[in-house]
Amino acid sequence: MNIILIGPPGVGKGTQAKFLVEAYNIPQISTGDMLRANVREATPLGTEAKKFMNAGQLVPDSVILGMMKSRFSEPDCDAGYILDGFPRTIPQAEGLEDLLNDMGQQIDSVLVLDVNHEEIIKRLSSRRSCKECDTVYNLLFDPTTSEGICDKCEGMLYQRDDDKPETIRQRLDVYTNQTSPLISFYTQKGLVKKINGAGKIDAVKKRMLSAL
Ligand code: AMP
């Protein structure tokens, strides 16, 4: 099963992808997580990506497609994958088609998650991540047991630079202008299932699993 998750930042793609990992036993591939790992390890790719990420801009398509090409060659992708945060532009979607053609694969479903922008701003400004293991929490809806400390690995929590209020608005604009055209791109291919991302995590999970 090869699934694409599309939705604005903060809609819950990462959270919901984890449920799909359990349900289908296939990996979640998050370009955002891969880029953040590169930034943390100060690789050349991370150094280049960081300036775009901190400004709420997209990292260039060529960088992302190169990174995904090597990710697809890893053996855990053989049974399928959940693409979380990729593709994010029409050129990326076209590049993905080329990569899939080369591998003799195709996308089975494109899940489009949506909630209104006010809710997104609220969710993103209270989002915190673990410095060590990347687990994501929300101060309002899903807090840790001890304030500022990861429940899983006791790492310190931090607020992503791009979750600061001034950058959130920019990221929503980027989503509207550059990513949302993918919805018609994949609707034309008959692959889109729209899911209401509002409400409790569990309610969204049920909607998503029944859409598949
Ligand atoms: P995310 O964790 O998916 O919200 O991604 C965080 C940031 O990483 C985005 O705001 C972009 O700067 C960058 N990024 C992640 N995925 C992509 C992508 N597919 N194309 C371009 N930039 C990306």
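Quick notes
- Count of residues meeting criterion [buried (at least 19 other Cβ atoms within 10 Å of the Cβ) and not hydrophobic (A, V, I, L, M, F, W, C)] in the range 155-185: 6
- Pairs where the first residue, in the range 35-57, is under 16 Å from residue 174 (Cβ atoms) and the second is among the small types (Gly, Ala, Ser) and within 12 Å of the ligand (Cβ to nearest atom), C-beta under 8 Å, 6+ apart: 35/46; 35/49
- Odd one out for residue 152 among (1) within 14 Å of the ligand (Cβ to nearest atom); (2) in contact with a Ser or Thr (Cβ under 6 Å, 6 or more places away or on another chain): (1)
- Residue match in the range 131-146 (condition: more than 22 Å from residue 83 (Cα to Cα), touching an Asp or Glu at 6+ places or on another chain (Cβ under 8 Å) and modelled with pLDDT of 95 or more): yes
- Considering (1) farther than 16 Å from residue 19 by Cβ; (2) in a loop (DSSP other than H, G, I, E, B); (3) of a type outside the set (Asp, Glu), the lone condition that residue 176 does not fulfil carries the number (2).
- The set of residues from the range 147-173 being in a helix (DSSP H, G or I) and touching an Asp or Glu at 6+ places or on another chain (Cβ under 9 Å) comprises 167, 168, 170, 171.
- Matching residues in the range 9-19 - criterion: being assigned to a loop (DSSP other than H, G, I, E, B) and either more than 10 Å from the ligand (Cβ to nearest atom) or touching a Gly at 6+ places or on another chain (Cβ under 9 Å) (or both): 9, 11, 12
- Taking the criterion of being polar (S, T, N, Q) and over 25 Å from residue 56 (Cβ atoms), the residues of the range 150-209 that qualify are 187, 188, 196.
- Members of the range 68-89 found to be out of contact with any helix residue (DSSP H, G or I) (no Cβ under 6 Å at 6 or more places or on another chain) and among the aliphatic types (A, V, I, L, M), listed by number: 68, 79, 83
- Among the conditions (1) out of contact with any Pro (no Cβ under 8 Å at 6 or more places or on another chain); (2) touching a residue at least 12 places away in the same chain (Cβ under 8 Å), residue 124 misses just one, which is (1).
- Verdict on residue 164 being within 16 Å of the ligand (Cβ to nearest atom) and basic (Lys, Arg): yes
- There is at least one residue in the range 167-174 that is among the β-branched types (Val, Ile, Thr), farther than 30 Å from residue 106 by Cα and in contact with a Leu (Cβ under 6 Å, 6 or more places away or on another chain).
The values are calculated or read from the model by the stated rules, or taken from the named source; none is laboratory data. Since the model is a prediction, treat every value here as computed from it, not as a measurement. Because the Cβ atoms are built from the backbone with ideal geometry, glycine has one as well, and the counts that use them run over all protein chains shown.
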